[in-house]
Amino acid sequence: MTTTAHDIVFRLEQKRRVQADFPGPKSIALTERRRAVVAAGVASSVPVYVADADGGIIHDVDGNAFIDLGSGIAVTSVGASDPAVIGAVKEAVEHFTHTCFMVTPYESYVALAEQLNRLTPGDHEKRTVLFNSGAEAVENAVKVARLATGRDAVVAFDHAYHGRTNLTMALTAKAMPYKSGPAGSFGPFAPEVYRVPMSYPYREENPDLTGAEAAQRAITMIEKQIGAGLVAAVIIEPIQGEGGFIVPAEGFLPALAAWARDNGIVLIADEVQSGFCRTGEWFAVNHEGVVPDIITMAKGIAGGMPLSAITGRADLLDAVHAGGLGGTYGGNPVACAAALAAIGSMEEYNLAGRARHIEELATGRLHALQKELAGARKAVMGDVRGRGAMLAIELVHAGTKQPNPELTKAVAAACLQEGVIILTCGTYGNVIRLLPPLVITDELLNDGLDVLAGAIRANA
Ligand code: PLZ
């Protein structure tokens, strides 16, 4: 008998239950304490404080139970308290919390590198380095690409999100809130970063533009404005995350990858959000058989513990001198143990298959709703897209393609009021995104989707 996600026994009852007037007194008190001590620049989208979380449910300190359709931004794919992850963390932490791999190394780092080299696309010789955050992985992928190629320029795309550090802000497309705000700019930003057009099927001026043509549009711009011979790396999210869950047209990624290969340019796939079964494959590039030179990973990799990684061609990674890569906490032993266990759970429960099941269940329902609303002259669901459990609805003013961020905010707020946590994203702030834990039960997911459908109907 094979185990499936349906065999998972949850510690918390998988049921939504919220009082009409949350946040309750304990969350309100915490918000007040927070205001006095936590910087205003750190915002939270939900006004309650967490007491417990398991599977698809988050409990707050006042006894409310929310359905989690965000997974802490695509992190808790195996759930927020997967027994295997918790067991591995407890076991590891009872021995040592830290020694620093750069000083006194340990096995779990090596074992995780073996797993990542096995799971990432391509059967070429690979090497791995571990870090703490997605941004740090991106920074290091670019460091490696520049040193290995001896070139400076890095190409990123419209709608890209790669992080909040100085280089990754430069790579990120959206100004507010990541790069600047009403009070000013977080810049100046790192130099030698260039931006080219993404393939964004829903918003292409020419709806017939193929993926290969969209790739050629970007390539021509690189060749004319930078010069292919000066480009160290092209970095791309195979499905863009914060930018709006944009799935490029079929053929876009393979054409870009082929051109990069022909020109000695390092193709970096930023799979920080799309990796680890989220899209129904181990990595989103697998859907089109693309093999990146370097892949960046974080979020879902370690079941909620802070860990990130880059895995790539051995000749690129090993071009860096000893001591050129590292960091005090990179590949922390407790986080490595969590990652090994999370990968084990993904395999044991076939969470890639589970993500494909979520896609089938959710997109069927979302397309039916899109049709229903269009029939009622309320065509606000401009586009339903995504892969696996990385799904999105782009909301527009009825019958147009004009972004509707107000409706998006209203829908997310209405869902929250009913006890369903839903995140938004998009360059235009008009995308509802679904990122449920992959272990969520069908019953809970359906309940969440009922609430979402009700919220869209009521506000359309
Ligand atoms: N690359 C593709 O999605 C993180 C950021 C949310 P860190 N996305 C969520 C926010 O508002 O800060 C992300 C990503 C992709 C890189 C990153 C950065 O990962 O772990 O947040 O540094």
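The values are calculated or read from the model by the stated rules, or taken from the named source; none is laboratory data. Bear in mind that the values here come from a model prediction, so they are computed numbers and not experimental data. Backbone-built Cβ (ideal geometry, glycine too); neighbour counts: all protein chains shown. Note: areas computed on protein heavy atoms with side chains; ligands, DNA, RNA excluded. Shrake-Rupley method; radii C 1.70, N 1.55, O 1.52, S 1.80 Å.
Observations on the model:
- Verdict on Ser308 being farther than 29 Å from His98 by Cβ, touching a Phe, Trp or Tyr at 6+ places or on another chain (Cβ under 9 Å) and within 12 Å of the ligand (Cβ to nearest atom): no
- Unique residue being at positive phi, away from the ligand (no atom under 16 Å from the Cβ) and more than 18 Å from the chain's Cα centre (by Cα) when the list is Gly229, Gly187, Gly211, Gly251: Gly251
- Sole residue being without any contact (Cβ under 8 Å) to a residue 24 or more places away in the chain and either closer than 17 Å to Gly300 by Cβ or in a strand (DSSP E or B) (or both), chosen from Ile86, Ile73, Ile67: Ile86
- Restricting Gly251, Gly229, Gly211 to those that are exposed (fewer than 15 other Cβ atoms within 10 Å of the Cβ) and either assigned by TED's automatic domain parsing to the domain that holds Val291 or among the hydrophobic types (A, V, I, L, M, F, W, C) (or both) reduces the list to Gly229.
- The one condition in (1) within 21 Å of Ala342 (Cβ to Cβ); (2) part of a strand (DSSP E or B) that His59 fails to fulfil: (1)
- Test result for Ile294, more than 21 Å from Arg118 (Cα to Cα), open to solvent by less than 10 Å² (accessible area, probe 1.4 Å) and within 15 Å of the ligand (Cβ to nearest atom): no
- Selection from the range 316-366 of residues that are among the β-branched types (Val, Ile, Thr), open to solvent by less than 30 Å² (accessible area, probe 1.4 Å) and within 28 Å of Asp82 (Cα to Cα): Val334, Ile343, Ile358, Thr363
- Scoring Val439 on the criteria (1) out of contact with any helix residue (DSSP H, G or I) (no Cβ under 6 Å at 6 or more places or on another chain); (2) of a type in the set (A, V, I, L, M); (3) in a loop (DSSP other than H, G, I, E, B) leaves a single failure, condition (1).
- Checking Glu91 against (1) assigned by TED's automatic domain parsing to the domain that holds Gln240; (2) surrounded by 16 or more Cβ atoms within 10 Å (Cβ to Cβ), the condition it does not meet: (2)
- Gly399 meets all of the listed conditions (1) modelled with pLDDT of 95 or more; (2) open to solvent by 10 Å² or more (accessible area, probe 1.4 Å) but one, namely (1).
- Count of the range 376-408 residues which are out of contact with any strand residue (DSSP E or B) (no Cβ under 7 Å at 6 or more places or on another chain) and in a helix (DSSP H, G or I): 2
- Single residue of the range 151-184 satisfying the filter (without any contact (Cβ under 8 Å) to a residue 24 or more places away in the chain and away from the ligand (no atom under 15 Å from the Cβ)) that is least open to solvent (accessible area, probe 1.4 Å): Gly184
- Of the candidates Ala111, Ala51, the single residue that is surrounded by fewer than 22 Cβ atoms within 10 Å (Cβ to Cβ), free of Cβ contacts under 8 Å to residues at least 24 places away in the same chain and not in a loop (DSSP other than H, G, I, E, B) is Ala51.
- Leu147 vs. criteria in contact (Cβ under 8 Å) with a residue 24 or more places away in the chain, away from the ligand (no atom under 16 Å from the Cβ), buried (at least 24 other Cβ atoms within 10 Å of the Cβ) and over 20 Å from the mean Cα position of the chain (by Cα): no
- When the range 254-287 is filtered for residues that are on the phi > 0 side of the Ramachandran plot and either open to solvent by less than 10 Å² (accessible area, probe 1.4 Å) or under 11 Å from the mean Cα position of the chain (by Cα) (or both), the ones remaining, listed by number, are Phe276, Cys277, Gly280.
- Residue within the range 305-312 that is closer than 20 Å to Pro437 by Cα and surrounded by fewer than 24 Cβ atoms within 10 Å (Cβ to Cβ) present: yes
- Filtering Leu340, Leu361 for residues that are outside the structural domain of Asp447 (by TED's automatic domain parsing), on the phi < 0 side of the Ramachandran plot and not hydroxyl-bearing (Ser, Thr, Tyr) leaves a single hit, Leu340.
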